[in-house]
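Below is one structure, written out as structure tokens, with a few remarks after it.
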Amino acid sequence: MADLKERLLPLKPQSAINLRGTTCQASASGRQPFQGLDLSGLKKRGQGLRSWIRVDTSGTSQVIEVDKFTMMRRCDLPARDLRLLDPLFVYPSTILGREKAIVVNLEQIRCIITADEVLLLNSLDSYVLQYVVELQRRLTSGVGEVWQPEGPELNRRSCRNFDNVYGSPSPDYLPFEFRALEVALESACTFLDSQAAELEVEAYPLLDELTSKISTLNLERVRRLKSRLVALTRRVQKVRDEIEQLMDDDGDMAEMYLSEKKSRMECDQSMMGFRSNDGLSVSAPVSPVSSPPESRRLEKSLSMARSRHESTKSSESATESIEELEMLLEAYFVLIDSTLNKLTSLKEYIDDTEDFINIQLDNVRNQLIQFELLLTTATFVVAIFGVVTGIFGMNFSIPFFDDPGAFKWVLIITGVCGIIIFCAFVWFFKYRRLMPL
């Protein structure tokens, strides 16, 4: 991996090294740095240059430096599509099919896929390097299986028999752009699935610990875990929705078949070359005076039959390509859907744990309320002794005070009355189901 980083990282330009040396020397001599240099021209020359990793159909990778406008002309992309690949901005996962390229923004994988090459922003991210290594391995291991459309034969019959030349591809191999898209989908789905697995490994023991011991520390850890779960679920849901949207739109899937569109363009160019070699002028109109009516009708019928035949062949080829891409997307849709199901199950487990904790807290709260109720009743019973004490503590004389056993009988009668009142309150609470039986 370190060798790959050194090979893919762009070399430091010699002008920057010389410029740094000049700056240091000027600072040491007391003179102002960059004196006499045209900084406006320097900024203009370095404006918009970015380092890209280019991987071609043979698996060869190289680092190129291209500005934004050159990349727009090279891939025929608008500026808003290139903005999706900017690492300074955070955009949701997106797969866009354009006329000559596929723009892929899946987690860390941000690339442009054409019929001949894959362009990635040069990055130190390990997942980007793994994507390049995996794509090179698949391209080099199956060089003979890479879908490379051969040039049409130099005759008129080659373009009419398009399906015979470019037969329906077997399920064992895919076009170059689909291979690159497959590696990007696999990398994104694997990355999200690994994050979901790590979250599961961390979540279940923490939730079990929380159910056994409810503490502030465990509740804070579960709160952070749930925040991570919500963020990861949102990212997985966006990738799933993007794949599902592509599968539901046949037009977008047909736009992503770049190799077929390129081969058709080459076929049309070769057909135009054949007509020019045969002396047929495409733009010059045919004079109605020089050609008899029968020949015009015959030519018109032949042209209509040829156009119907070519449209039928192109529609059949588009259907086959859509089915091929649909099977590819369906496989990774199932994978990302299983990851989403894992996260959904984990969220349901967290919700169940929260419900269980709330039930436990409600139970404790009910026990405290019951204890408070009993304590209030006991306080009321003890207050009866205070009432009796206040009555007998008044400053008046009665014959009952002269009896030696009067104090004992007052305590016994007051205690028995207090116990009876307390038992009556407890029975009333149980009768009204305010306390468990």
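A few notes on this one:
- Pairs, first closer than 20 Å to ARG235 by Cβ in region 323-346, second crowded, with 18+ Cβ neighbours inside 10 Å and among the polar types (S, T, N, Q), C-beta under 6 Å, six or more apart: LEU343/THR233
- Residue tally, condition in contact with a helix residue (DSSP H, G or I) (Cβ under 7 Å, 6 or more places away or on another chain) and of a type in the set (Asp, Glu), over region 203-229: 1
- Filtered residue count, region 206-215, keeping only those that are at pLDDT 90 or above and open to solvent by 70 Å² or more (accessible area, probe 1.4 Å): 2
- Criterion: under 22 Å from MET72 (Cα atoms) and surrounded by fewer than 21 Cβ atoms within 10 Å (Cβ to Cβ) - qualifying residue of ARG98, ARG110: ARG98
- The residues of region 409-433 that are among the aliphatic types (A, V, I, L, M), free of Cβ contacts under 8 Å to residues at least 40 places away in the same chain and either more than 16 Å from VAL387 (Cβ to Cβ) or open to solvent by 90 Å² or more (accessible area, probe 1.4 Å) (or both), listed by number, are ILE412, ILE413, ILE419, ILE420, ALA424.
- Hey, GLU117 at pLDDT 85 or above and open to solvent by 70 Å² or more (accessible area, probe 1.4 Å) or not: no
- Any hit, region 232-241, residues being closer than 17 Å to ILE102 by Cβ and not polar (S, T, N, Q): yes
- For SER397: the one exception among (1) in contact with a helix residue (DSSP H, G or I) (Cβ under 7 Å, 6 or more places away or on another chain); (2) not in a helix (DSSP H, G or I): (1)
- Any hit, region 247-257, residues being assigned to a loop (DSSP other than H, G, I, E, B), within 30 Å of PHE178 (Cβ to Cβ), touching a residue at least 12 places away in the same chain (Cβ under 8 Å) and within 29 Å of the chain's Cα centre (by Cα): yes
- For region 183-217, residues that are aromatic (Phe, Trp, Tyr) and under 12 Å from the mean Cα position of the chain (by Cα) total 1.
- If only residues of region 218-246 that are under 22 Å from the mean Cα position of the chain (by Cα) and of a type in the set (S, T, N, Q) are counted, the one that is most open to solvent (accessible area, probe 1.4 Å) is GLN245.
- Residue within region 362-372 that is farther than 23 Å from PHE428 by Cβ and not polar (S, T, N, Q) present: yes
The values are calculated or read from the model by the stated rules, or taken from the named source; none is laboratory data. Values in this document were obtained by computation on a predicted structure and should not be read as measured data. All Cβ positions, even for glycine, are placed from backbone atoms using ideal geometry, and neighbour counts span all protein chains on display. We work out accessible area using only protein heavy atoms, side chains counted, and drop any ligands, DNA or RNA first. Shrake-Rupley method; radii C 1.70, N 1.55, O 1.52, S 1.80 Å.
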